[in-house]
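Readers should treat all values here as calculations from the given coordinates under stated rules, not as data from a laboratory. Nothing here was measured: the structure is a model prediction, and the numbers come from that model. Neighbour counts run over all protein chains shown; Cβ positions are idealised from the backbone, glycine included.
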Amino acid sequence: MSRPIRTLNYSIFLLALLALAGCQSESGKPAAAVAAAAVATSHSDLLARGEYLIRTTGCNDCHTVGYAESQGTLPKDQWLKGSPLGYNGPWGTTYAPNLRLRLHEMTEVQWLEFSANLRTRPIMPDFAVRAMTEEDRRAIFRFVQSLGPAGEQAPAYLPPGQTPPAPYFGLILPPPPTEASPPEKAVASAPGP
Ligand code: HEC
């Protein structure tokens, strides 16, 4: 059942290749048209890839209000508009910014440079974005741009020592180790010979 279909697909592929070869040998113009078609396809591929990455690499978990609560079913027009949920710890309090507004301010070239060197405070996994291929970061840009600018800015960062208004997550660390009588000190303070 599947074999004739595969053979058919293969024949169509061969025919397409032959047709392309024919076009290119006639003049440069059809080749340019073919190249333009390839760019158009790759833009839609990038959009699909960008959506897939945003959906699967967790960006919505923090940058989209209500995404987790909706079990990932929130419509795309609600995505990445930032969140008023604070992340409080020794670094202060951070808020996942509105990426729809942020990326709208940038050109693709600026985003590629910015995202390749992304350094943020916690709890953003900036290392994950830095580890993405340029094509993946381009795909994210294309997709977020295609959503258009929307929503408000997230609250501004608060420095350490300030208690943020609810709602926020708080990271409680154990107290730092004290220097009281570690074994080396005891030895050092023992009377010498
Ligand atoms: C665990 C929560 C969390 C996840 C997951 C997350 N972010 Fe963030 N993101 C944040 C927070 C919080 C900040 C703000 C950090 C700061 O204030 O320095 C931030 C900042 C950023 C910034 C910097 C914006 C600027 O203007 O400086 C970018 C870009 C970004 N995130 C993109 C992404 C992308 C793309 C993903 C998915 C791959 C993602 N984030 C996943 C929480 C998160």
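Using amide H atoms built 1.01 Å from N in the peptide plane, name the residues 5+ places from Y168, or on other chains, whose amide H lies under 5 Å from its own.
Result for Y168 returns G86.
Order of 115-121, 87-93 by packing, highest average Cβ count within 10 Å first?
On the way: 115-121: 13.6, 87-93: 17.4.
Descending mean neighbour count gives 87-93, 115-121.
Rounded to the nearest 0.05, what FRET efficiency is calculated for N117 and R55 with R0 set to 22 Å and r the Cβ-Cβ distance?
According to the calculation, E is roughly 0.35.
Would you calculate the volume per residue, in Å³, of the smallest convex hull containing every Cα atom of segment 53-156? Mind dumping the intermediate values first?
On the way: hull volume 9.9 nm³, N = 104.
Value for segment 53-156: 96 Å³ per residue.
Efficiency by 1/(1 + (r/R0)^6): what FRET value for K76 and E134, r their Cβ-Cβ distance, R0 = 35 Å, to the nearest 0.05?
Approximately 0.90, to the nearest 0.05.
Which ³J(HN,Hα) values in Hz, rounded to whole numbers, follow from the phi angles of segment 72-81 under the Karplus curve 6.51 cos²θ - 1.76 cosθ + 1.60, where θ = phi - 60° and Gly and Pro get x?
x, 9, 4, x, 4, 5, 9, 6, 6, 8
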